[in-house]
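Just below is one structure, and these are the notes that go with it.
The values are calculated or read from the model by the stated rules, or taken from the named source; none is laboratory data. Keep in mind it's a predicted model, so treat the numbers as computed, not measured. Don't worry about glycine lacking a Cβ; one is built from the backbone with ideal geometry, like all the others, and counts go over all protein chains shown. When the accessible area is computed, the model is the full protein with side chains, heavy atoms only, and any ligands, DNA or RNA have been set aside. Shrake-Rupley method; radii C 1.70, N 1.55, O 1.52, S 1.80 Å.
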Amino acid sequence: MPLRAKKVYPAQFVYEKPASIEEAVALLDRYKEDARPLAGGMSLVPLMKLRLIQPQYIVDISKIQELRGIRKTSSHVEIGAITTNSEIQDTDWLLSEFPLIRDTVHLIGDVQVRNLGTIGGNISDADPSLDWLPTLIALESDIVIRGVKGERTVAAGDFLVEPYTTVLAPDELVTSIRIPLPKGKTHGAHIKIERRTGDFAVAIAACQLTLDGSGKCSKARIVIGAVSPLPVRAVSTEKELAGKILNESTIASAAEKSKNDLEGADILSDVKATAEYRTAMVPVIVKRSIISAVTGQSTEGKSGAHRD
Ligand SMILES: Cc1cc2nc3c(=O)[nH]c(=O)nc-3n(C[C@H](O)[C@H](O)[C@H](O)COP(=O)(O)OP(=O)(O)OC[C@H]3O[C@@H](n4cnc5c(N)ncnc54)[C@H](O)[C@@H]3O)c2cc1C
């Protein structure tokens, strides 16, 4: 018998297209757990087609203009939640001020995914293998959230409760991401191991360094993603780097310390990679991320898996 492709359609739902944030959160509040916001649809639509989730109401936020755009103030950069990866990738001043953002966005999926996928949808999807959250934590960002009762902000490091669960209440939307402007001379890099180009990560190291006038590291924020259910700060490595001139030896010994930060963590083991492989790769990618940050060598379009 010839094999026939099975057509997969989502279950029926009611489609709502609010024109403002107020209208969107009022709809989410009315329908509560029966509703889902739709941004780029890159994750939500496949899940609906596979009927892994069957929301009765879809609240399409993709045309709410106040959720879109990248603005710079005297203290921070604000990226609207429905700003797409491609819009971020096309913002040259942002990429040159934040090499970590430049590296992150280039490594997300392929052109089609970057054209539709949004930064707010990426973090709200709460999949531990996605790229944005480790970067936003390394950059000490805040997530701006709006619900029917008003606005609140949450540090990026506190946004995920567990895989696929965020701090968002059913009536709440991510409206923007606030990234503080770098103080001093900062450097950053994002290293990702993936099985194939454009794939979801097996392991991520997002690194943001501040160097003082003498070339010493005055501050380091390094976040390991996709290795455990929640992103992990490599605090042992950060402490080891602080106050040091960064050279081959100080970087290598600091990167080794990242093993300590995984102690007691639940390490993911799945079809993409075993826990042993992920654990072994952490000091490797932490080291590469520090070297890439210091040398300013862009990882644009390349993942850790393909760099050697
Ligand atoms: C083939 C493929 C490859 C990919 N590769 C990568 C990759 O390499 N790296 C990576 O990081 N990502 C990758 N992605 C994910 C992609 O980048 C999107 O970020 C992600 O799919 C979600 O963004 P979206 O805008 O499409 O959100 P949607 O799919 O519309 O929504 C995702 C979830 O977030 C909720 N949501 C959306 N916006 C908001 C908001 N503002 N407030 C509250 N809740 C919200 C939705 O209700 C839904 O639950 C890939 C996706 C595909 C399909």
Can you tell me which of (1) buried (at least 20 other Cβ atoms within 10 Å of the Cβ); (2) more than 18 Å from Ser289 (Cβ to Cβ) is the one Ile137 doesn't meet? (2)
Being more than 11 Å from the ligand (Cβ to nearest atom), touching a residue at least 12 places away in the same chain (Cβ under 8 Å) and within 30 Å of Phe98 (Cβ to Cβ) is the filter here; which residues of region 28-67 pass it? Lys63, Glu66
Residues of region 75-92 classified as in contact (Cβ under 8 Å) with a residue 12 or more places away in the chain and open to solvent by 10 Å² or more (accessible area, probe 1.4 Å), total: 8
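Taking Ala169, is it crowded, with 20+ Cβ neighbours inside 10 Å, within 14 Å of the ligand (Cβ to nearest atom) and small (Gly, Ala, Ser)? First the steps, then the outcome.
Details: crowded, with 20+ Cβ neighbours inside 10 Å: no; within 14 Å of the ligand (Cβ to nearest atom): yes; small (Gly, Ala, Ser): yes.
Considered against the rule, which asks whether it is crowded, with 20+ Cβ neighbours inside 10 Å, within 14 Å of the ligand (Cβ to nearest atom) and small (Gly, Ala, Ser), Ala169 comes out as no.
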Given the conditions (1) aliphatic (A, V, I, L, M); (2) away from the ligand (no atom under 16 Å from the Cβ); (3) surrounded by 23 or more Cβ atoms within 10 Å (Cβ to Cβ), report the number of the one that Ala203 does not fulfil. (2)
Any idea how many residues of region 227-275 are free of Cβ contacts under 8 Å to residues at least 40 places away in the same chain and among the β-branched types (Val, Ile, Thr)? 6
